[in-house]
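Here's the structure, in C-alpha coordinates; my notes come after.
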Amino acid sequence: MPLLTYEQTRPWAKAIRAALLTGKMPPWHADPHYGKFLNDLSMTAGEKAKVIEWIDHGAPEGNPADAPKPRVFQQGWNIPQPDAVFEMPSAFEVPAKGTIDYQYIAVSTHFTEDKWIQMAEVRPGDPSVVHHAIVVVDPNDGVHDEQYLAGYAPGMAPQIWKPGQGRLLKAGSTLIFQMHYAANGKATKDRTRIGLVFAKQPVTEQIVAMQAMAPSLRIPPGDPNYRVEAAARMTQTVSLMGMRAHMHLRGKSFQFRAVYPDGRTEILLDIPKYDFNWQPYYYLETPKILPRGTVIECTANFDNSANNPFNPDPGATVTWGPQSWDEMMIGWLDVGVPAPGPAGSRPLRGAAVESGSD
(Lines give C-alpha, C1' and ligand atoms only; values in the text may rest on other atoms or scores of the structure.)
Protein backbone atom coordinates (compact mmCIF):
# COMPACT_ATOMS: atom_id res chain seq x y z
CA MET A 1 0.00 0.00 0.00
CA PRO A 2 1.25 3.51 -0.70
CA LEU A 3 2.05 5.71 2.29
CA LEU A 4 2.89 8.93 0.45
CA THR A 5 0.04 11.09 1.72
CA TYR A 6 -1.90 11.51 4.94
CA GLU A 7 -5.05 10.17 3.27
CA GLN A 8 -3.22 7.00 2.22
CA THR A 9 -1.56 6.52 5.60
CA ARG A 10 -4.33 7.23 8.13
CA PRO A 11 -6.30 3.97 7.55
CA TRP A 12 -3.18 1.96 8.41
CA ALA A 13 -2.41 3.69 11.71
CA LYS A 14 -3.14 0.68 13.94
CA ALA A 15 -1.17 -1.65 11.66
CA ILE A 16 1.78 0.78 11.71
CA ARG A 17 1.66 0.82 15.51
CA ALA A 18 1.73 -2.97 15.68
CA ALA A 19 4.57 -3.20 13.14
CA LEU A 20 6.68 -0.75 15.16
CA LEU A 21 6.06 -2.49 18.49
CA THR A 22 6.87 -5.96 17.14
CA GLY A 23 9.93 -4.74 15.23
CA LYS A 24 8.52 -5.95 11.90
CA MET A 25 9.08 -2.49 10.45
CA PRO A 26 11.30 -0.82 9.50
CA PRO A 27 12.93 -3.93 7.99
CA TRP A 28 16.35 -3.91 9.62
CA HIS A 29 17.65 -7.09 11.23
CA ALA A 30 21.24 -6.30 12.25
CA ASP A 31 22.01 -6.38 15.99
CA PRO A 32 22.91 -2.75 16.85
CA HIS A 33 25.68 -3.90 19.19
CA TYR A 34 27.90 -4.85 16.22
CA GLY A 35 28.92 -2.48 13.45
CA LYS A 36 27.55 0.75 12.07
CA PHE A 37 26.04 0.69 8.61
CA LEU A 38 25.46 3.33 5.94
CA ASN A 39 22.05 1.96 4.96
CA ASP A 40 20.67 1.48 8.49
CA LEU A 41 16.87 1.70 8.24
CA SER A 42 16.16 1.28 11.94
CA MET A 43 14.40 3.84 14.10
CA THR A 44 15.54 5.00 17.50
CA ALA A 45 13.39 4.31 20.55
CA GLY A 46 12.49 8.01 20.64
CA GLU A 47 11.41 8.04 17.00
CA LYS A 48 9.20 4.99 17.52
CA ALA A 49 7.69 6.50 20.65
CA LYS A 50 6.84 9.70 18.78
CA VAL A 51 4.97 7.85 16.03
CA ILE A 52 3.13 5.63 18.52
CA GLU A 53 2.12 8.68 20.58
CA TRP A 54 0.73 10.31 17.43
CA ILE A 55 -1.32 7.17 16.65
CA ASP A 56 -2.56 6.85 20.24
CA HIS A 57 -3.87 10.43 20.03
CA GLY A 58 -5.97 9.63 16.98
CA ALA A 59 -3.37 10.19 14.25
CA PRO A 60 -4.36 13.82 13.56
CA GLU A 61 -3.37 15.35 10.23
CA GLY A 62 -1.87 18.57 11.48
CA ASN A 63 -1.60 21.69 9.34
CA PRO A 64 -1.31 20.75 5.64
CA ALA A 65 0.62 23.97 5.07
CA ASP A 66 3.47 22.57 7.20
CA ALA A 67 3.74 19.38 5.14
CA PRO A 68 6.94 18.76 3.18
CA LYS A 69 6.90 18.85 -0.59
CA PRO A 70 5.89 15.55 -2.23
CA ARG A 71 8.73 13.16 -2.94
CA VAL A 72 9.89 12.93 -6.55
CA PHE A 73 11.03 9.51 -7.69
CA GLN A 74 13.20 8.63 -10.68
CA GLN A 75 10.88 7.02 -13.19
CA GLY A 76 11.69 3.34 -13.44
CA TRP A 77 14.99 3.40 -11.52
CA ASN A 78 16.31 3.96 -8.00
CA ILE A 79 19.60 5.23 -9.45
CA PRO A 80 20.22 8.22 -11.75
CA GLN A 81 19.37 7.65 -15.39
CA PRO A 82 21.65 4.76 -16.43
CA ASP A 83 24.39 5.23 -19.00
CA ALA A 84 23.67 1.75 -20.33
CA VAL A 85 20.74 -0.64 -19.96
CA PHE A 86 20.84 -4.33 -20.84
CA GLU A 87 17.80 -6.57 -20.75
CA MET A 88 16.92 -10.15 -21.58
CA PRO A 89 16.61 -10.49 -25.37
CA SER A 90 13.03 -11.73 -25.06
CA ALA A 91 10.45 -12.17 -22.35
CA PHE A 92 10.47 -15.44 -20.44
CA GLU A 93 7.06 -17.07 -20.13
CA VAL A 94 6.47 -18.10 -16.52
CA PRO A 95 3.80 -20.81 -16.16
CA ALA A 96 1.08 -20.60 -13.55
CA LYS A 97 2.26 -23.75 -11.77
CA GLY A 98 5.23 -26.07 -11.47
CA THR A 99 8.93 -25.94 -10.67
CA ILE A 100 10.99 -23.82 -13.03
CA ASP A 101 14.68 -24.60 -13.59
CA TYR A 102 17.19 -21.79 -13.29
CA GLN A 103 17.47 -19.84 -16.52
CA TYR A 104 20.88 -18.60 -17.73
CA ILE A 105 20.57 -15.88 -20.33
CA ALA A 106 23.60 -14.33 -22.06
CA VAL A 107 23.55 -10.68 -23.14
CA SER A 108 26.51 -9.20 -25.01
CA THR A 109 27.67 -5.73 -24.00
CA HIS A 110 29.57 -5.01 -27.23
CA PHE A 111 31.82 -2.68 -25.22
CA THR A 112 35.01 -1.89 -27.10
CA GLU A 113 36.77 -0.57 -23.98
CA ASP A 114 36.83 -1.35 -20.27
CA LYS A 115 34.10 0.28 -18.20
CA TRP A 116 34.09 1.09 -14.50
CA ILE A 117 30.63 0.73 -12.97
CA GLN A 118 29.82 3.02 -10.05
CA MET A 119 26.12 2.15 -9.79
CA ALA A 120 24.15 -0.90 -10.88
CA GLU A 121 20.51 -1.86 -10.43
CA VAL A 122 18.70 -5.04 -11.48
CA ARG A 123 14.98 -4.58 -12.06
CA PRO A 124 12.65 -7.51 -12.76
CA GLY A 125 9.93 -7.09 -15.35
CA ASP A 126 7.43 -8.89 -13.09
CA PRO A 127 8.62 -8.94 -9.46
CA SER A 128 5.76 -11.25 -8.46
CA VAL A 129 7.52 -14.24 -10.07
CA VAL A 130 11.23 -13.31 -9.80
CA HIS A 131 12.56 -15.12 -6.75
CA HIS A 132 15.98 -13.63 -7.42
CA ALA A 133 18.21 -12.52 -10.26
CA ILE A 134 22.01 -12.45 -10.35
CA VAL A 135 23.99 -10.80 -13.12
CA VAL A 136 27.61 -11.90 -13.52
CA VAL A 137 30.27 -10.78 -15.99
CA ASP A 138 31.98 -13.26 -18.30
CA PRO A 139 35.09 -11.42 -19.57
CA ASN A 140 35.45 -13.87 -22.48
CA ASP A 141 39.20 -13.98 -21.85
CA GLY A 142 39.53 -17.75 -21.87
CA VAL A 143 39.94 -17.95 -18.10
CA HIS A 144 36.22 -18.54 -17.36
CA ASP A 145 36.46 -16.37 -14.27
CA GLU A 146 32.99 -14.91 -13.93
CA GLN A 147 32.57 -11.98 -11.56
CA TYR A 148 29.42 -10.86 -9.73
CA LEU A 149 28.09 -7.53 -10.98
CA ALA A 150 24.73 -6.96 -9.28
CA GLY A 151 21.61 -8.80 -8.20
CA TYR A 152 17.99 -8.60 -7.18
CA ALA A 153 16.37 -10.26 -4.17
CA PRO A 154 13.74 -9.14 -1.68
CA GLY A 155 14.98 -6.13 0.26
CA MET A 156 18.07 -5.51 -1.87
CA ALA A 157 18.91 -1.95 -2.85
CA PRO A 158 20.94 -0.85 -5.90
CA GLN A 159 24.71 -1.20 -5.80
CA ILE A 160 26.09 2.32 -5.33
CA TRP A 161 29.78 3.02 -4.80
CA LYS A 162 31.62 6.13 -3.72
CA PRO A 163 33.56 8.23 -6.25
CA GLY A 164 36.86 6.48 -6.96
CA GLN A 165 35.31 3.02 -6.48
CA GLY A 166 33.67 0.68 -8.95
CA ARG A 167 33.23 -2.78 -10.42
CA LEU A 168 35.24 -3.55 -13.54
CA LEU A 169 33.47 -4.55 -16.73
CA LYS A 170 36.07 -5.59 -19.32
CA ALA A 171 35.76 -4.77 -23.01
CA GLY A 172 33.97 -7.52 -24.92
CA SER A 173 32.37 -8.95 -21.79
CA THR A 174 29.08 -10.81 -21.76
CA LEU A 175 26.49 -10.43 -19.01
CA ILE A 176 24.93 -13.66 -17.75
CA PHE A 177 21.49 -13.28 -16.17
CA GLN A 178 20.84 -16.09 -13.69
CA MET A 179 17.06 -16.06 -13.25
CA HIS A 180 15.17 -17.95 -10.57
CA TYR A 181 11.43 -17.87 -11.19
CA ALA A 182 8.71 -19.01 -8.79
CA ALA A 183 5.24 -19.72 -10.17
CA ASN A 184 2.47 -17.94 -8.25
CA GLY A 185 -0.72 -19.38 -9.75
CA LYS A 186 -0.93 -16.92 -12.63
CA ALA A 187 0.87 -17.27 -15.96
CA THR A 188 2.90 -14.19 -16.79
CA LYS A 189 5.99 -12.94 -18.61
CA ASP A 190 9.21 -11.41 -17.32
CA ARG A 191 11.96 -9.44 -19.02
CA THR A 192 14.49 -8.45 -16.37
CA ARG A 193 17.02 -5.69 -17.08
CA ILE A 194 20.06 -4.09 -15.50
CA GLY A 195 20.96 -0.40 -15.51
CA LEU A 196 24.58 0.76 -15.22
CA VAL A 197 26.00 4.17 -14.31
CA PHE A 198 29.62 4.62 -15.33
CA ALA A 199 32.24 6.14 -13.03
CA LYS A 200 32.81 9.78 -13.92
CA GLN A 201 36.28 10.02 -12.37
CA PRO A 202 39.33 7.72 -12.21
CA VAL A 203 38.76 4.55 -10.18
CA THR A 204 41.48 3.64 -7.71
CA GLU A 205 39.63 0.93 -5.79
CA GLN A 206 38.03 -2.08 -7.44
CA ILE A 207 35.02 -3.63 -5.70
CA VAL A 208 35.16 -7.42 -5.83
CA ALA A 209 32.48 -9.86 -4.68
CA MET A 210 33.53 -12.86 -2.58
CA GLN A 211 31.58 -15.52 -0.72
CA ALA A 212 31.83 -18.09 2.03
CA MET A 213 29.39 -20.96 1.54
CA ALA A 214 28.58 -24.47 2.73
CA PRO A 215 27.19 -26.48 -0.21
CA SER A 216 27.55 -29.73 1.75
CA LEU A 217 24.93 -28.73 4.33
CA ARG A 218 22.50 -31.46 5.40
CA ILE A 219 19.80 -30.40 7.86
CA PRO A 220 18.11 -33.24 9.83
CA PRO A 221 14.31 -33.49 10.03
CA GLY A 222 12.75 -31.54 12.88
CA ASP A 223 15.97 -29.89 14.05
CA PRO A 224 15.09 -26.45 15.50
CA ASN A 225 18.61 -25.03 15.64
CA TYR A 226 20.95 -26.70 13.17
CA ARG A 227 24.28 -24.89 12.83
CA VAL A 228 26.24 -24.55 9.59
CA GLU A 229 29.63 -22.86 9.24
CA ALA A 230 31.73 -21.58 6.36
CA ALA A 231 34.78 -19.37 5.99
CA ALA A 232 36.69 -17.30 3.45
CA ARG A 233 40.38 -16.42 3.72
CA MET A 234 41.79 -13.13 2.45
CA THR A 235 44.75 -13.78 0.17
CA GLN A 236 45.74 -10.11 0.23
CA THR A 237 44.91 -7.06 2.33
CA VAL A 238 41.43 -5.77 1.46
CA SER A 239 38.88 -3.21 2.63
CA LEU A 240 35.61 -4.85 3.65
CA MET A 241 32.72 -2.74 2.32
CA GLY A 242 29.61 -4.80 3.00
CA MET A 243 28.10 -8.18 3.84
CA ARG A 244 24.94 -10.03 2.89
CA ALA A 245 23.47 -13.22 4.33
CA HIS A 246 21.57 -15.65 2.12
CA MET A 247 19.46 -18.59 3.28
CA HIS A 248 16.00 -19.84 2.40
CA LEU A 249 12.81 -20.49 4.38
CA ARG A 250 14.46 -22.38 7.23
CA GLY A 251 17.04 -19.64 7.85
CA LYS A 252 17.03 -18.56 11.50
CA SER A 253 20.16 -16.48 12.21
CA PHE A 254 23.47 -15.52 10.60
CA GLN A 255 26.71 -14.06 11.94
CA PHE A 256 29.90 -12.75 10.27
CA ARG A 257 33.17 -12.71 12.25
CA ALA A 258 36.71 -11.66 11.37
CA VAL A 259 39.58 -13.75 12.73
CA TYR A 260 42.70 -11.65 12.29
CA PRO A 261 46.24 -13.00 11.75
CA ASP A 262 47.17 -12.03 15.34
CA GLY A 263 44.38 -14.25 16.70
CA ARG A 264 41.85 -11.53 17.54
CA THR A 265 38.19 -12.23 16.72
CA GLU A 266 35.63 -9.52 15.97
CA ILE A 267 31.91 -9.83 15.26
CA LEU A 268 31.24 -7.75 12.14
CA LEU A 269 27.53 -8.40 11.61
CA ASP A 270 24.99 -10.36 13.63
CA ILE A 271 21.49 -11.12 12.30
CA PRO A 272 19.69 -12.82 15.21
CA LYS A 273 16.36 -13.10 13.36
CA TYR A 274 16.93 -13.76 9.66
CA ASP A 275 14.02 -12.92 7.35
CA PHE A 276 13.91 -14.50 3.89
CA ASN A 277 11.80 -11.57 2.67
CA TRP A 278 14.51 -8.99 3.43
CA GLN A 279 18.02 -9.76 2.18
CA PRO A 280 19.91 -6.47 1.94
CA TYR A 281 23.62 -5.86 1.79
CA TYR A 282 24.79 -4.30 5.04
CA TYR A 283 27.25 -1.57 4.01
CA LEU A 284 29.78 -0.56 6.66
CA GLU A 285 29.80 3.11 7.61
CA THR A 286 33.61 2.88 7.74
CA PRO A 287 35.28 0.16 5.61
CA LYS A 288 37.12 -2.44 7.68
CA ILE A 289 40.74 -3.19 6.77
CA LEU A 290 41.29 -6.97 6.65
CA PRO A 291 45.03 -7.82 6.56
CA ARG A 292 46.23 -10.67 4.40
CA GLY A 293 45.48 -13.94 6.14
CA THR A 294 42.30 -12.71 7.83
CA VAL A 295 39.54 -15.32 7.84
CA ILE A 296 35.88 -14.34 7.66
CA GLU A 297 33.91 -16.95 9.56
CA CYS A 298 30.17 -17.29 8.95
CA THR A 299 27.79 -19.18 11.23
CA ALA A 300 24.18 -19.83 10.24
CA ASN A 301 21.40 -21.54 12.17
CA PHE A 302 18.39 -23.21 10.58
CA ASP A 303 14.98 -24.09 12.03
CA ASN A 304 13.68 -27.25 10.39
CA SER A 305 11.06 -27.86 13.05
CA ALA A 306 7.28 -27.70 12.93
CA ASN A 307 7.48 -24.51 15.01
CA ASN A 308 8.83 -22.65 11.98
CA PRO A 309 5.67 -21.36 10.25
CA PHE A 310 7.55 -20.97 6.96
CA ASN A 311 8.94 -24.52 6.93
CA PRO A 312 7.74 -26.35 3.79
CA ASP A 313 8.31 -29.81 5.29
CA PRO A 314 9.60 -30.39 8.85
CA GLY A 315 9.96 -34.10 8.11
CA ALA A 316 12.47 -33.62 5.29
CA THR A 317 16.23 -33.93 5.38
CA VAL A 318 17.21 -30.68 3.69
CA THR A 319 20.20 -30.33 1.37
CA TRP A 320 21.65 -27.59 -0.82
CA GLY A 321 19.46 -26.63 -3.76
CA PRO A 322 18.11 -23.73 -5.79
CA GLN A 323 14.44 -23.86 -4.85
CA SER A 324 12.94 -22.23 -1.75
CA TRP A 325 12.14 -25.62 -0.21
CA ASP A 326 15.83 -26.49 -0.52
CA GLU A 327 18.44 -24.55 1.44
CA MET A 328 21.51 -22.43 0.87
CA MET A 329 24.08 -20.87 3.17
CA ILE A 330 26.10 -18.05 1.60
CA GLY A 331 27.90 -15.18 3.23
CA TRP A 332 28.44 -12.58 0.51
CA LEU A 333 31.30 -10.10 0.93
CA ASP A 334 32.09 -6.97 -1.04
CA VAL A 335 35.73 -5.96 -0.66
CA GLY A 336 37.87 -3.20 -2.11
CA VAL A 337 41.30 -3.86 -3.64
CA PRO A 338 43.65 -1.58 -5.60
CA ALA A 339 42.39 -1.12 -9.14
CA PRO A 340 44.54 -2.95 -11.71
CA GLY A 341 47.24 -0.79 -13.27
CA PRO A 342 47.88 -0.14 -16.94
CA ALA A 343 49.97 -3.30 -17.14
CA GLY A 344 46.79 -5.29 -16.62
CA SER A 345 47.74 -6.84 -13.29
CA ARG A 346 45.15 -9.30 -12.02
CA PRO A 347 43.44 -8.21 -8.79
CA LEU A 348 41.90 -10.44 -6.14
CA ARG A 349 39.34 -12.66 -7.81
CA GLY A 350 37.97 -14.82 -5.04
CA ALA A 351 38.78 -16.64 -1.85
CA ALA A 352 39.50 -20.10 -0.56
CA VAL A 353 36.25 -21.42 0.89
CA GLU A 354 36.12 -23.76 3.84
CA SER A 355 32.79 -25.20 4.92
CA GLY A 356 31.41 -27.46 7.57
CA SER A 357 28.29 -28.14 9.63
CA ASP A 358 27.11 -29.83 12.78
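The values are calculated or read from the model by the stated rules, or taken from the named source; none is laboratory data. Note that the structure is a prediction, hence the values are computed from the model and not measured. Backbone-built Cβ (ideal geometry, glycine too); neighbour counts: all protein chains shown.
A few comments on the model shown:
- Among the residues of segment 1-38, the ones that are outside any loop (DSSP other than H, G, I, E, B), farther than 20 Å from Pro70 by Cα and hydroxyl-bearing (Ser, Thr, Tyr) come to 1 in all.
- Restricting segment 237-248 to residues that are crowded, with 20+ Cβ neighbours inside 10 Å and outside any strand (DSSP E or B) leaves a set whose member that is nearest to the chain's Cα centre (by Cα) is Met247.
Residues are listed down the side, and each one gets a yes or a no for (1) surrounded by 11 or more Cβ atoms within 10 Å (Cβ to Cβ); (2) on the phi > 0 side of the Ramachandran plot; (3) without any contact (Cβ under 8 Å) to a residue 24 or more places away in the chain:
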site: Ala59; (1), (2), (3): yes, yes, no
site: Lys69; (1), (2), (3): no, no, yes
site: Gln75; (1), (2), (3): no, no, yes
site: Pro80; (1), (2), (3): yes, no, no
site: Ala84; (1), (2), (3): yes, no, no
site: Glu87; (1), (2), (3): yes, no, no
site: Thr99; (1), (2), (3): yes, no, no
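- Yes/no for Ser253 being assigned by TED's automatic domain parsing to the domain that holds Pro309, surrounded by 16 or more Cβ atoms within 10 Å (Cβ to Cβ), touching a Pro at 6+ places or on another chain (Cβ under 6 Å) and farther than 15 Å from Gly336 by Cα: yes
- Scanning segment 210-232 for residues that are buried (at least 17 other Cβ atoms within 10 Å of the Cβ) and among the charged types (D, E, K, R) returns Asp223, Glu229.
- Residues satisfying the stated conditions in segment 40-52, i.e. part of a loop (DSSP other than H, G, I, E, B) and surrounded by 14 or more Cβ atoms within 10 Å (Cβ to Cβ): Asp40, Leu41, Ser42, Met43
- Filter pass, Leu21 being surrounded by 12 or more Cβ atoms within 10 Å (Cβ to Cβ) and not assigned by TED's automatic domain parsing to the domain that holds Pro287: no
- For the residues Asn39, Asn63, the requirement of being of a type outside the set (Ser, Thr, Tyr) and farther than 21 Å from Thr5 by Cβ singles out Asn39.
- Just one of the listed residues (Asp334, Asp313, Asp326) is more than 21 Å from Trp28 (Cβ to Cβ), of a type in the set (D, E, K, R), at pLDDT 95 or above and crowded, with 16+ Cβ neighbours inside 10 Å, namely Asp326.
- The residue that is farthest from Phe111 (Cα to Cα), counting only those in segment 151-182 that are touching a Lys or Arg at 6+ places or on another chain (Cβ under 9 Å) and surrounded by fewer than 16 Cβ atoms within 10 Å (Cβ to Cβ), is Pro163.
- Residues of segment 256-274 that are under 18 Å from the mean Cα position of the chain (by Cα) and surrounded by fewer than 17 Cβ atoms within 10 Å (Cβ to Cβ): Pro272, Lys273.
- Leu290 vs. criteria within 30 Å of Ile160 (Cβ to Cβ), in contact with a Lys or Arg (Cβ under 9 Å, 6 or more places away or on another chain), among the aliphatic types (A, V, I, L, M) and surrounded by 16 or more Cβ atoms within 10 Å (Cβ to Cβ): no
- Residue, modelled with the highest pLDDT, within segment 126-150, restricted to residues that are of a type outside the set (S, T, N, Q) and surrounded by fewer than 17 Cβ atoms within 10 Å (Cβ to Cβ): Pro127
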